[in-house]
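Heads up: the structure comes next, in structure tokens.
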Amino acid sequence: MNDKRHSSSVLFVISLYLVFALVAISVVTIGGGVYKKLSAAIDDNFDMRTSLSYVAAKVRGGDAADRLHIDNTLGVPALVIDNAVDTTVYQTWIYFHEGNLYEMPVQQGVFFKPEQGTMLVPLKGFEMSLDQQGGLLLKAVNSQDESCELYLHLRSTVGGESP
């Protein structure tokens, strides 16, 4: 009778250990999934806000009379910031193409393909528009369809849209 009591105690301890192990594995698995989702959301939010901050810094650095305009030559709207050095005009093109925000510095008049630019951040969408009141509206959309907008009131005279 003592052996039966000892055997049932051992079985109870082993069963309790197995239940604990299953619960621990379940908690770790669920926690890992939550962590992945949270990490992806944080990365998306970072990319979205970083894109707006980056473009805003570029615009503020180039905010002078007739140096900013939106151009559609690439087949996508691009914010173009002109910078004259001596007699040569250099341009910084910022545009959204195939899921990424790009930047391309070139000499004025030099043709390039959108994929030749430097990829800045991945996004689901990025829009920019100039208004008549001297402002630039930027809108970034992340992969979770969350959007964030930034309105910049320009100090300079705004250039128009090129065909």
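The values are calculated or read from the model by the stated rules, or taken from the named source; none is laboratory data. Quantities reported herein were computed from a predicted structural model and do not represent experimental measurements. For neighbour counting, all protein chains shown are included, and Cβ atoms are generated from backbone atoms with ideal geometry for every residue, glycine included. The accessibility values were calculated without ligands, DNA or RNA, using every heavy atom of the protein model including side chains. Shrake-Rupley method; radii C 1.70, N 1.55, O 1.52, S 1.80 Å.
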Residues being open to solvent by less than 50 Å² (accessible area, probe 1.4 Å) and in contact (Cβ under 8 Å) with a residue 60 or more places away in the chain - total across the stretch 53-63: 4
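Test MET104 against the criterion of being modelled with pLDDT of 95 or more and either out of contact with any helix residue (DSSP H, G or I) (no Cβ under 9 Å at 6 or more places or on another chain) or among the acidic types (Asp, Glu) (or both), and give yes or no.
No; evaluated as a whole, the condition is false for this residue.
Determine whether THR50 is touching a strand residue (DSSP E or B) at 6+ places or on another chain (Cβ under 7 Å), surrounded by fewer than 11 Cβ atoms within 10 Å (Cβ to Cβ), under 29 Å from MET119 (Cβ atoms) and at pLDDT 90 or above.
Values: touching a strand residue (DSSP E or B) at 6+ places or on another chain (Cβ under 7 Å): yes; surrounded by fewer than 11 Cβ atoms within 10 Å (Cβ to Cβ): no; under 29 Å from MET119 (Cβ atoms): yes; at pLDDT 90 or above: yes.
The answer is no for THR50.
Pull up the stretch 78-89, narrow it to residues that are more than 14 Å from MET104 (Cβ to Cβ) and at pLDDT 90 or above, then point me to the one that is farthest from the chain's Cα centre (by Cα).
Within the stretch 78-89, the subset more than 14 Å from MET104 (Cβ to Cβ) is 84-89.
Going one step further and asking which of them are at pLDDT 90 or above, we end up with 88-89.
Details: THR88: 32, VAL89: 29 Å.
By that ranking, first place goes to THR88.
Go through ASP86, ASP71, ASP44, ASP66 for me and flag whichever is open to solvent by 80 Å² or more (accessible area, probe 1.4 Å) and touching a residue at least 60 places away in the same chain (Cβ under 8 Å). Spell out how you get there, then give the answer.
Numbers: ASP86 fails: touching a residue at least 60 places away in the same chain (Cβ under 8 Å); ASP71 fails: open to solvent by 80 Å² or more (accessible area, probe 1.4 Å); ASP44 fails: open to solvent by 80 Å² or more (accessible area, probe 1.4 Å).
Just a single option satisfies the conditions, and that option is ASP66.
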Does the stretch 28-40 include one or more residues that are open to solvent by 90 Å² or more (accessible area, probe 1.4 Å), of a type outside the set (Phe, Trp, Tyr), without any contact (Cβ under 8 Å) to a residue 40 or more places away in the chain and over 30 Å from LEU123 (Cα atoms)? yes
A careful count of residues in the stretch 108-132 that are touching a residue at least 24 places away in the same chain (Cβ under 8 Å), polar (S, T, N, Q) and in a strand (DSSP E or B) gives 1
Residues (part of a loop (DSSP other than H, G, I, E, B), under 14 Å from LEU120 (Cβ atoms) and in contact with a Leu (Cβ under 8 Å, 6 or more places away or on another chain)) located in the stretch 60-107: GLY99
